[in-house]
Amino acid sequence: MALKIYNTLSRKKEEFIPLKKGEVGIYVCGPTVYNFIHIGNARPFIIFEVVRRFLKFKGYKVRYIQNLTDIDDKMINKARELNISVSELAEKFIQEYFIDADSLNIERADVHPRATEHIAEIIELLKGLEEKGYAYEIDGDVFFEVSKFKNYGKLSGQDIEELKIGARVEVDERKRDAIDFALWKKAKEGEPSWDSPWGKGRPGWHIECSAMSMKYLGKTFDIHAGGSDLIFPHHENEIAQSEANTNQQYVRYWMHNGYLCLNNQKMSKSLGNIMKVRDIIRKYKGEVIRYFILSAHYRSPLNFSEEQLQQAQNSLQRLNNIIYNVKHLLKQDKFKKFKDKDDELILEKRKEGEQQFIKAMDDDFNTPVALSRLFGFAKDVNIYLNSPSLKNKIILEEVIKFYQDLAGKVLGILKDFDKEQSFEQEIKKLIEDREKARKEKNWEKSDKIRDELKRKGVILEDTTEGVRWKKINSE
RNA sequence: GGCGGCAUCGCCAAGUGGGAAGGCAAAGGACUGCAAAUCCUUCAUCCUCGGUUCAAAUCCGAGUGCCGCCUCCA
């Protein structure tokens, strides 16, 4: 089955054919490190990381780049506010970003390039644009002359003339045209700056992504991704800068995720309606947040609410129970030796489930459908587990592997497979005491112990194969 | 003004011409000492009105409601 990706450039799902067979280069717009990230920021980070995981699962060699914007107006303002340097601010929030990314089980990119460490590359790019006549300098500022670039607007479907009419920005009168944008900004008093052929200054908003993406992935690369609010002007400008300079296609597949909303309004720092990952994670595990994000298709808008997180947690519990329950059976020492009809059936269902999962992911990363396949197989497994006959060890291991591969490796949820739950001596003792009481049919005592354990966060379940225990929401 | 998105069960959410997936919640039953877990059963004519078609949630037209980009934003 061929993978199809919705390409913002063509507004269609296209079959994905990488530039180099078997290899994929992906660039994702990362955070500006001036604050803690909110759940809306986290959406693309989770989604495109799943894209990377799935491509790897399909056997591609993936090179994944996610930048860290560590110099711009917001950085400067915030540093001033906190009375620290811009680089101190950056260091702090880069660290905080990785703490949040780790808690969400977001794997590190192959490279996390920082704008301030790529000033030389940025200046090279600017020189090229100046030589080719796309850039002009006015008193230490450098601008891109949009009207010189004939394909301007092809990503966002904007018409240059319409843009001029609709311009609501306060126009810098010195620019040749209102829609020209800054490539390099002259340093103001007290701002961090770098030497350049145009004097001391710093890179404009869009140029860092062009410079860094092309440095690490080449002049033309496969996938560039980010939130849909970046389509215009950020990505449009990136295309202009890059293609004007290289004279070749910059990005082959543009992917953009829908917004995360709070009360049906886009969550954004400027509106102030944000939920920080750092705060949510106190109450809900990373995998719950991941499940919530993946429960909707990445291009659809998604509304955030605590009720939904609760639902996500409940749904996830069903999948986690499968793992607990199968692992409990694997602790037995009696297994049947040969495969019978039931075993064959479950293997068949496993294969079918995996195929359907892959088919869903192949269809522009349809994670809601992919998730539903995990539930479909769960029912088959539970029926198998319910049968009174001896189980086949190989089958049980195959079930674990199914979830390990698809839920664990591809979606990044259900990551606790290998973790053995540890118990304090005290709790082990209580479980033993209860078993003893049950044998004596002292229900009052056994129930009391069970309640006590529940208060301590341990759930007991009596099964025909002995008592089974799990911790509530263990991390 | 230009460009774009969304509307499917109480909640979440797939489905783009021919069976309305899946999950959460709820109700009944089975199993259990009681529970829990699990299984079985129940639970939607898809915003409105027209049209095309043998056949439409799905295509076309009109309308209603909500949201976004064009300014920092994932």
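Annotations for the structure displayed:
- Among (1) open to solvent by less than 40 Å² (accessible area, probe 1.4 Å); (2) away from RNA strand B (no atom under 14 Å from the Cβ) - the single one A:Glu173 does not satisfy: (1)
- Residue within region A:300-323 that is more than 7 Å from RNA strand B (Cβ to nearest atom), open to solvent by 30 Å² or more (accessible area, probe 1.4 Å) and part of a loop (DSSP other than H, G, I, E, B) present: yes
- Residue check: A:Ile427 meets all listed conditions (1) surrounded by 18 or more Cβ atoms within 10 Å (Cβ to Cβ); (2) at negative phi but one, namely (1).
- The residues listed here are A:Val142, A:Val111; of these, the one that is in the same structural domain as A:Pro203 (by TED's automatic domain parsing) and farther than 27 Å from A:Lys269 by Cα is A:Val142.
- Count of residues meeting criterion [in a loop (DSSP other than H, G, I, E, B) and surrounded by fewer than 17 Cβ atoms within 10 Å (Cβ to Cβ)] in region A:367-398: 4
- Region A:1-57 holds no strands (runs of 3 or more DSSP E) entirely within its bounds that carry 2 or more residues that are more than 21 Å from A:His235 (Cβ to Cβ).
- Restricting region A:255-299 to residues that are assigned to a strand (DSSP E or B) and more than 8 Å from RNA strand B (Cβ to nearest atom), the residue that is least open to solvent (accessible area, probe 1.4 Å) is A:Met255.
- Figure legend. Inter-residue proximity from region A:205-225: first residues more than 17 Å from A:Ala109 (Cβ to Cβ), second residues part of a helix (DSSP H, G or I) and among the aliphatic types (A, V, I, L, M), beta-carbon distance below 6 Å, spacing 6+ or different chains. Indicated pairs: A:Ile207/A:Ile122.
- Scanning region A:195-241 for residues that are touching a helix residue (DSSP H, G or I) at 6+ places or on another chain (Cβ under 8 Å), outside any helix (DSSP H, G or I) and open to solvent by 30 Å² or more (accessible area, probe 1.4 Å) yields A:Pro197, A:Trp205, A:Lys219.
- Each residue in region A:436-456 was checked for being more than 10 Å from RNA strand B (Cβ to nearest atom) and open to solvent by 50 Å² or more (accessible area, probe 1.4 Å), and 6 of them qualify.
- Residues of region A:58-97 that are hydroxyl-bearing (Ser, Thr, Tyr) and in a strand (DSSP E or B): A:Tyr64, A:Thr69.
- In the condition set (1) within 30 Å of A:Glu162 (Cβ to Cβ); (2) within 13 Å of RNA strand B (Cβ to nearest atom); (3) touching a residue at least 40 places away in the same chain (Cβ under 8 Å); (4) open to solvent by less than 10 Å² (accessible area, probe 1.4 Å), A:Ala244 is compliant with all but (2).
- Evaluating A:Phe338 against the criteria (1) closer than 30 Å to A:Pro18 by Cα; (2) outside any helix (DSSP H, G or I) leaves one unmet condition, (1).
- Residue match in region A:98-115 (condition: of a type in the set (Asp, Glu), assigned to a helix (DSSP H, G or I), over 29 Å from A:Tyr259 (Cα atoms) and out of contact with any Pro (no Cβ under 7 Å at 6 or more places or on another chain)): no
- Number of the exception - A:Gly412 against (1) more than 13 Å from RNA strand B (Cβ to nearest atom); (2) within 19 Å of A:Phe335 (Cβ to Cβ); (3) at pLDDT 95 or above: (2)
- When restricted to residues that are open to solvent by less than 10 Å² (accessible area, probe 1.4 Å) and under 11 Å from the mean Cα position of the chain (by Cα), region A:48-65 contains 5.
- The residue that is farthest from the chain's Cα centre (by Cα), among those in region A:457-475 that are surrounded by 13 or more Cβ atoms within 10 Å (Cβ to Cβ) and more than 9 Å from RNA strand B (Cβ to nearest atom), is A:Glu465.
- Annotation note: of A:Glu81, A:Glu88, the sole residue that is in the same structural domain as A:Gly286 (by TED's automatic domain parsing), farther than 30 Å from A:Arg53 by Cβ, free of Cβ contacts under 8 Å to residues at least 40 places away in the same chain and in contact with a helix residue (DSSP H, G or I) (Cβ under 8 Å, 6 or more places away or on another chain) is A:Glu88.
- Filter result for A:Tyr27 (open to solvent by less than 10 Å² (accessible area, probe 1.4 Å), at pLDDT 95 or above, assigned by TED's automatic domain parsing to the domain that holds A:Phe144 and among the hydroxyl-bearing types (Ser, Thr, Tyr)): yes
- Scanning region A:357-366 for residues that are surrounded by fewer than 21 Cβ atoms within 10 Å (Cβ to Cβ) and of a type outside the set (Val, Ile, Thr) gives A:Lys359, A:Ala360, A:Asp362, A:Asp363, A:Asp364, A:Asn366.
- Boolean, A:Gly190 is of a type outside the set (S, T, N, Q), modelled with pLDDT under 95 and either within 12 Å of RNA strand B (Cβ to nearest atom) or closer than 30 Å to A:Lys13 by Cβ (or both): no
The values are calculated or read from the model by the stated rules, or taken from the named source; none is laboratory data. What you see is a predicted model, and the numbers here were worked out from it, not measured in a lab. FYI the Cβ positions are ideal-geometry reconstructions off the backbone, even for glycines, and counts take in every protein chain you see. When the accessible area is computed, the model is the full protein with side chains, heavy atoms only, and any ligands, DNA or RNA have been set aside. Shrake-Rupley method; radii C 1.70, N 1.55, O 1.52, S 1.80 Å.
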